[in-house]
1. Between residue 312 and residue 291, take the C-beta separation as r, use R0 = 22 Å, and let me know the FRET efficiency to the nearest 0.05.
2. What percent do you get for the relative contact order of the chain when only Cα pairs under 8 Å and 6+ apart count?
3. Report the relative contact order of the range 1-145, percent, no decimals, based on alpha-carbon pairs under 8 angstrom and at least 6 residues apart.
4. For a protection proxy built on the mean count of beta-carbon atoms within 10 angstrom, sort 16-24, 40-48, 237-245 highest first, please.
5. From the convex hull of the Cα coordinates of the range 21-76, what is the mean projected area in square nanometres?
6. Let me check the size of the range 65-120 from its C-alpha atoms; what are the radius of gyration and Dmax in Å?
7. In whole angstrom, how long is each semi-axis of the equivalent ellipsoid of the range 127-219, when you take the square root of 5 times every eigenvalue of its Cα gyration tensor and sort them from largest down?
8. How far is the Cα center of the range 92-133 from the Cα center of the range 263-303, in Å?
Ligand SMILES: [Fe+2]
């Protein structure tokens, strides 16, 4: 129906907005606004008013919001089965929105015209390599331990479990224009996929390897929200900062196989995983989707093995 231009934000619930804000500030976001009912956090990129929403309430995952490229696209998507009318967003940042539900029952917001904000300053890091030894001739001083939080740039991707992977992909591809990047075959039945990676359709332009990763399961569940950090040092800086604050680490630091990101995963006070990454593979529509066998697809290029608790976590609420 339309081609969404990116993941706008994830919308979570939390019973204590002060604790959530403290976590997100330590994770490297900046408060964009806060009301009695909700918290809105931004990144350093100024494209959008906010990239993370937490509503006061049960610690659940409410849904995902996506950017539409025009108001005409909102008109088009408002004709989708079960879609709301176009309405003004009665929240900080404003804009217009159409609400839908995906096949698992997640609330999907499609948004156009939200307020933009200015970019925030970001540490500039130059790195010397064996091949380019003289890129930096100044002394390197990023911070002193435990330093400072990461500098989250932007909302990048979401990972969820779904009760029906085929139905899930069919809906996101036909409704929001997502395109399959790669998939990982089922351990027991190679004719089926157990994990699929979708990217944004931006034509010839390059986009992140995935904006939405879904895992076949017997029920729908939230897994993580992911945010781009400014660079490799920023992922490391953020890691030691969150560690110094006593937050619970989930997995990392490593470099994924599919997508190639350098990743680091942390849990918020209610166990919901938030990821920092840098240096993703990019794809455009010339990319041919590949099906991977599970050991290779799930492996890292380097870093700690995939912990079982990452996908089967008693803290995480099903939808
Ligand atoms: Fe991720």
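Taken together, the values in this text are just the output of simple stated rules run on the coordinates, not laboratory data. In this text, all values refer to a predicted model and were calculated from it rather than measured experimentally. Note that each Cβ is placed from the backbone with ideal geometry, even for glycine, and that neighbours are counted across all protein chains shown.
1. According to the calculation, E is roughly 0.40.
2. The value is 18 percent.
3. Taking the mean separation of contacting Cα pairs over the length of the range 1-145, I get 23 percent.
4. Top to bottom by mean Cβ count within 10 Å: 40-48, 237-245, 16-24.
5. 5.1
6. 11.8, 40
7. They are 38, 17, 15 Å, listed from largest to smallest.
8. Between the Cα centre of the range 92-133 and that of the range 263-303, the gap is 18 Å.
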